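Q: One structure, pasted below without further comment.
Computed from the coordinates by the stated procedures, all read-outs in this text should not be read as laboratory data. Remember, predicted model here, so these are calculated numbers, not experimental data. Positions of Cβ are backbone-derived with ideal geometry, glycine not excepted, and every protein chain shown enters the neighbour counts.
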Amino acid sequence: MMSGTLGVGHHYFWQGLDEYWIAIGGIFSALEPLPLALMIVEAMKNQREQAHGGADFKFGTPFMWIAGSAVLNWIGAGFLGMVINTPTISYYSHGTYLIMPHGHVALLGAFGYISLAFIYLASRANALANGYEWNEKLSQYGFWILTIGVLLFAVPTIIIGFEQAKLATDVGYFFARTREAVQPLEGWMWARILPDGLMVLGGVIILYDLTVKTFFAKKEQA
Ligand code: HEM
């Protein structure tokens, strides 16, 4: 509770509040990876319980998204958030590429994946109640393509971000945000085609899979 409520203060200075919010936000959000790591431990314990339980677990697909959410939440919010939240780094990196890997992996991982988990949960319950066919393969392809895509996306953006944040400290805030500053890093920007493409592909597969499973599923053969 403390790490979340005071930790979110790392945004307040940039919204126009007093300077001390950079320190309060930076210190308390440094504690945020801890509860996020505990969520991964919880997901692992749950998975072991299912595996050893012996029962025919019918909600494997939604669980995959919940476990994925815990892991990407830690990587995106916990680890990549930690890269930018100490007060000095936060001061110089605001509005640079260094925020992008964090913002994208955290937002998609924490909220996107958990939303998809609940949609798959509802769809699975619907399939069980009506005796519809359920195939996990396509959901798994969608999951892995999207996950690999978003993790690879973090690589070029963090490299550009380090260079841009370094320019902000060495040359100045204004220069770091000009076209000339990021022009030499053009190659890394083009490198985004692969991860961005994977993310789009993963999204299309998931949309197709959910639509078919929820609205056009066939009755299971007796
Ligand atoms: C699910 C959780 C989280 C989500 C969805 C999230 C998302 C975001 C987004 C979208 C931004 C960009 C905001 C902007 O440019 O105005 C951002 C900035 C930031 N986040 Fe997070 N974040 C999360 C958790 C965390 C955690 C746990 C930390 C620290 C460990 C953290 C540290 C930061 C910092 C320092 C910034 C930069 C603030 C700025 O320069 O304006 N975030 N976050």
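Q: Using a simple charge model, +1 on the beta-carbon of Lys and Arg, -1 on the beta-carbon of Asp and Glu, nothing else, what dipole does the chain show about its Cα centre, in debye to the nearest 20?
A: So the dipole magnitude of the chain works out to roughly 500 debye.
Q: Right, another one. For residue 219, which aspartates and glutamates qualify as cross-link partners when the Cα separation must be under 13 Å and same-chain residues fewer than eight apart are set aside?
A: Result set, ordered by chain and number: 133.
Q: Could you order the peptides 23-34, 176-187, 101-112 from most to least packed, using the average number of other C-beta atoms within 10 Å per residue?
A: 101-112, 23-34, 176-187
Q: If you don't mind, another one. With labels modelled as points extended 7 Å from the Cα through the Cβ direction, what inter-label distance (nm, one decimal) is found for residue 140 paired with residue 174?
A: Those two pseudo-labels are separated by 5.7 nm.
Q: Among the aspartates and glutamates, which have Cα under 13 Å from the Cα of residue 137 when same-chain residues fewer than 8 positions away are ignored?
A: Excluding near neighbours in sequence, the set is 209.
Q: Separate question: Just need the relative contact order of region 1-131 here, percent rounded to a whole number, with Cα pairs under 8 Å and 6+ apart.
A: Relative contact order, region 1-131: 26 percent.
Q: Now, a different point. Please compute the net charge surrounding residue 127, taking Lys and Arg as +1 and Asp and Glu as -1 over other residues with Cβ under 14 Å from its Cβ.
A: +1
Q: Please list the radius of gyration and Dmax for the chain, considering alpha-carbon atoms only, with Å as the unit.
A: Expressed in Å, the Cα Rg and Dmax of the chain come to 20.7, 71.
Q: How much net charge surrounds residue 167 when only the other residues with a Cβ under 12 Å from the Cβ of residue 167 are counted, with Lys and Arg +1 and Asp and Glu -1?
A: Result for the local shell: -1.
Q: Translational diffusion coefficient, Stokes-Einstein: compute it for region 3-105 using the Kirkwood radius over C-alpha pairs as Rh, at 20 °C and 1.002 mPa s, and state it as an integer in µm² s⁻¹.
A: In µm²/s, the coefficient is 142.
Q: Between residue 40 and residue 14, what is the label-to-label distance in nm when each label sits 7 Å out along the Cα-to-Cβ direction?
A: Rounded to a tenth, the inter-label distance reads 2.4 nm.
Q: Amide H of residue 132: which non-local residues (sequence gap of 5 or more, or other chain) have their own amide H closer than 5 Å, using H built in the peptide plane?
A: The answer is 220.
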